[in-house]
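Trainee: Pasting a structure here, questions to come.
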Amino acid sequence: MTTRDRSGLAEALEACRPLPPDGPNILKALLAVQSALGHVPPSAIPQIAQALGATEAQIAGVLSYYSDLRTQSTGRHLIRVCTGESCMANQGGRVFRAIQDHVGVAAGRTTSEGRFTLEQMSCVGNCAVSPTVMIDEDLHGRVIHSDIPSLLEHYR
Amino acid sequence: MKMTRLYLSNDTSSLAAGAGRLADAWNERPEVQLIRTSSRGAFFLEPMVERDMLNGREAWFNVTPEDLPRIVGGIGGTPVTKLPFLQQQTRCTFANFGITEPLALDAYQMKGGMKGLTAAWNLSPQAIVEELHISRLRGRGGAAFPVWKKWQVAQLIEAEQKYVVANADEGDAGTYCDRMVMEGDPFRLIEGMLICARAIGATRGYIYCRYEYPAAARTMKFAIQKALEAGLLDFDDYPFDLEVVVGAGSYVCGEETALLESLEGRRGVVLAKPPYPAESGLYGKPTVVSNVLTFASIPNILAKGGAWHAALGTEGSCGTMALQLGGRVKQPGLVEVPFGLTLREVLDRFGGGMAIGSRFKAVQVGGPLGSLFPESQLDIPICYDAFANAGAILGHGGIVVYDQETDMVELARHFMAFTADESCGKCTPCRIGSVRGREILERIQSGQGTAEDLILLSDLGETMKTASLCALGGRAPYPVETAIEHFGEEFRQGAKFASRA
């Protein structure tokens, strides 16, 4: 963790105080940490556990359970391709392969220059205008595999 | 200069279809005033722009920024009331869609909103539950449990703290109506939850919204703030505390006990029932957990009476269902109709047939755990009982149509891989069985499958169905088995099948 990460972590954990009477909400705390640092570094688990009065195993258990909690930082742009059934029916697989070929990394990986991280995601509820590709916060519908190069051009 | 008022949807799918591009292009134009509404749900026509004409709203479809002069000039529009896709629907829960601004509380009230809550205040808690009993409303999340029973259990238990939780973890692939409700008519969800709170005596409520729906969570937070400022969350002697909680990507968290575990901040693992959440739920207190669409159906029932609702639909499935069309149909979008139409009628009448270049192969109803139907089985009526009798589920109303391009072995593998990814790990048949199932299907896919593999898959399916606590493990075999049942030849094409023939 960088110095900046450490102060971000301390701040996020401070915001979880006071601990609720029903016990600490580990998921909420981890989402707060992720929102501050972009991810939850595994090296922060002891500090999070201490701040929440939970065991390290409890923290690690929640962290590994939820797919939207990430333990590594992403590239400058996060590309997520929907794998829902409507997207599958509408050639979403072909779109995914086109992106994979274009950026040159497999799902779950970040390109060497740190520009893109590629992921597959579960249904995002955009089924009526599928197939869907989400880049950062932008949702793109009716994506055609041949449009991929020009679409990604917008994200430098 | 005369300003033309234009209505443009701000729904996530409308934006994904290009509505944002229109807004960017037109926001600064002096001749137009843009009103950002919810979406009609006719997504195949999005981005769609509407304006007021002498005889009501007219619409322009699949609009590009260059279409502005035509629209301002009033040329080439279609009266919204003449759109067959909308005209043939019975919009009750989705009556305001495309018409109002989602966060305009006054517009919601002008359209009859909060009448259900007012009616509830004039009834005793027991009478509210009785009204729901008369309405015969069943939960819309997938389990179709009678809503009144859940409420009655929570109502009858004495507890200093009770909770109302909206299940907004709409994880079934192919469904998006909860997202639309939260983004497009958020006060309807709040009103439904307030009626429930009044009926069971709850003082706190949570909307558990999935991580993938940031716009829905944002809109709900704004709407709660507005409702708070308007005094709607003030009960007689206490305030009702309502909060949006965002999940972190777990399909199983749509199951109520896992959802409550997650709401308490733990791993979203399914718990054995009983006790049911209505008896002992969040932090051990009586908790009503219902789907967003269920809560959104309740204001109309209280405002118009349970008998009004019971008169819609079929005997065992009363009211309307929000069906969500996706996949290779010509007209994907939201369809609200009373229960009882056949699947074929829905696909023809609203889906408009197949997309260009597509031939029908199969349709899946009810999300990733739903069964596949071939052409010969499309005459099944859309209602809970007919689907249950067929060993299928309506689920949350997702309908995805596949065409001739779909590889059924790959689709079956996808379903098993989905379950393997999403299994919470509590039940061994689901945790291990889904991985073994995926492996068998991968073997078949690689041409190494044998006839024994299909028998093994079937055995595995039976074990998962009978020995899993929740619907993920219990229903996961169905899409795979129906794929094999109807498209068996695709599974038997491997080399080892051939060598034995």
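The values are calculated or read from the model by the stated rules, or taken from the named source; none is laboratory data. As the structure is a computational prediction, the values presented were derived from the model and not from experiment. Cβ placement follows ideal geometry from the backbone for every residue including glycine, while neighbour counts extend to all protein chains displayed. With ligands, DNA and RNA removed, areas are computed over all heavy atoms of the protein, side chains included. Shrake-Rupley method; radii C 1.70, N 1.55, O 1.52, S 1.80 Å.
Trainee: Rounded to the nearest 0.05, what FRET efficiency do B:Gln88 and B:Ser376 have when you use their Cβ-Cβ distance and R0 = 30 Å?
Mentor: Details: r = 25 Å, r/R0 = 0.83.
Once rounded, the FRET efficiency stands at 0.75.
Trainee: What distance in nm lies between label points placed 7 Å from Cα along the C-beta direction at B:Gln493 and B:Asp237?
Mentor: 7.1 nm
Trainee: With an 8 Å Cα cut-off and a minimum separation of 6 or more residues, compute the relative contact order for chain B in percent. Could you put the intermediate results ahead of the total?
Mentor: Details: 1021 pairs, mean separation 66.5, N = 501.
Relative contact order of chain B: 13 percent.
Trainee: Hey, rough spin-label estimate for B:Asp52 and B:Gln126, points 7 angstrom out along Cα→Cβ, what's it come to in nanometres?
Mentor: Once both label points are built, they end up 4.9 nm from each other.
Trainee: If you take the accessible area of A alone, add that of B alone, and subtract the area of the pair, what total do you get in Å², probe 1.4 Å, to the nearest 100? Please report the intermediate quantities before stating the final value.
Mentor: Numbers: alone 9050 and 20410 Å², together 26120 Å².
About 3300 Å² of accessible surface is lost on pairing.
Trainee: With +1 on each Lys and Arg Cβ and -1 on each Asp and Glu Cβ, and nothing else charged, work out how big the dipole of chain B is about its Cα centre, in Debye to the nearest 20.
Mentor: Values: 49 positive and 58 negative charges, 70 e Å.
Once rounded to the nearest 20, the dipole reads 340 debye.
Trainee: Quick one: what does P(r) look like for the range B:151-191 with 5 Å bins over all Cα pairs, in whole %?
Mentor: So the P(r) values, bin by bin, are 5, 17, 22, 15, 15, 15, 9, 2.
Trainee: Which entries in the list B:Lys150/B:Lys426; B:Lys330/B:Lys426; A:Lys28/B:Lys273; B:Lys149/B:Lys361; B:Lys221/B:Lys330; B:Lys304/B:Lys465 go over 32 Å, if you measure between the two C-alpha atoms of each? Spell out each step's value before the answer.
Mentor: On the way: B:Lys150/B:Lys426 25 Å; B:Lys330/B:Lys426 41 Å; A:Lys28/B:Lys273 26 Å; B:Lys149/B:Lys361 40 Å; B:Lys221/B:Lys330 35 Å; B:Lys304/B:Lys465 40 Å.
Among B:Lys150/B:Lys426; B:Lys330/B:Lys426; A:Lys28/B:Lys273; B:Lys149/B:Lys361; B:Lys221/B:Lys330; B:Lys304/B:Lys465, the Cα-Cα distance tops 32 Å for B:Lys330/B:Lys426; B:Lys149/B:Lys361; B:Lys221/B:Lys330; B:Lys304/B:Lys465.
Trainee: Next question, about the same structure. Under a 10 Å cutoff between Cα atoms, tell me which one of A:Arg97, A:Arg17, A:Arg109 has the largest fluctuation in the Gaussian network model of chain A.
Mentor: A:Arg17
Trainee: May I ask you to compute the full-extension gain from B:Asn389 to B:Leu156, defined as 0.36 nm times their residue separation minus their alpha-carbon distance, rounded to one decimal in nm? All intermediate terms of the calculation are to be shown ahead of the outcome.
Mentor: Working: separation 233, 0.36 × 233 = 83.88 nm, distance 3.32 nm.
Value of the extension gain: 80.6 nm.
Trainee: Another question, if that's okay. So for the pair A:Asp138, B:Lys111, with labels modelled 7 Å out along Cα→Cβ, what separation do we get in nm?
Mentor: Placing both labels 7 Å along Cα→Cβ, they lie 3.0 nm apart.
Trainee: Can I ask one more? So how much slack lies between B:Arg70 and B:Ala311, counting 0.36 nm per residue of separation and subtracting their Cα-Cα distance, in nm?
Mentor: Details: separation 241, 0.36 × 241 = 86.76 nm, distance 4.41 nm.
Answer, rounded to one decimal: 82.3 nm.
Trainee: Moving on to the next point. FRET efficiency for A:Glu11 and B:Ala451, Cβ-Cβ distance as r, R0 = 45 Å, nearest 0.05?
Mentor: On the way: r = 61 Å, r/R0 = 1.36.
After rounding, the FRET efficiency stands at 0.15.
Trainee: Restricting things to alpha carbons, find the Rg to Rh ratio for chain B using the Kirkwood radius for Rh. Numbers along the way, then the final one.
Mentor: Details: Rg = 23.5 Å, Rh = 23.8 Å.
The Rg/Rh ratio comes out at 0.99.
Trainee: Related question: Please sort by residue number the GluC sites (Glu not before Pro) in the range B:6-52 whose DSSP state is loop and whose Cβ has at most 16 other Cβ atoms within 10 Å.
Mentor: On the way: sites: B:Glu28, B:Glu31, B:Glu50; in loops: B:Glu28, B:Glu31.
Counting only loop positions with at most 16 other Cβ atoms within 10 Å, the GluC sites (Glu not before Pro) in the range B:6-52 are B:Glu28, B:Glu31.
Trainee: One quarter of the convex hull surface, Cα atoms only: what value does that give for the range B:105-310 in nm²?
Mentor: Details: hull surface 41.7 nm².
So the Cα hull casts an average projection of 10.4 nm².
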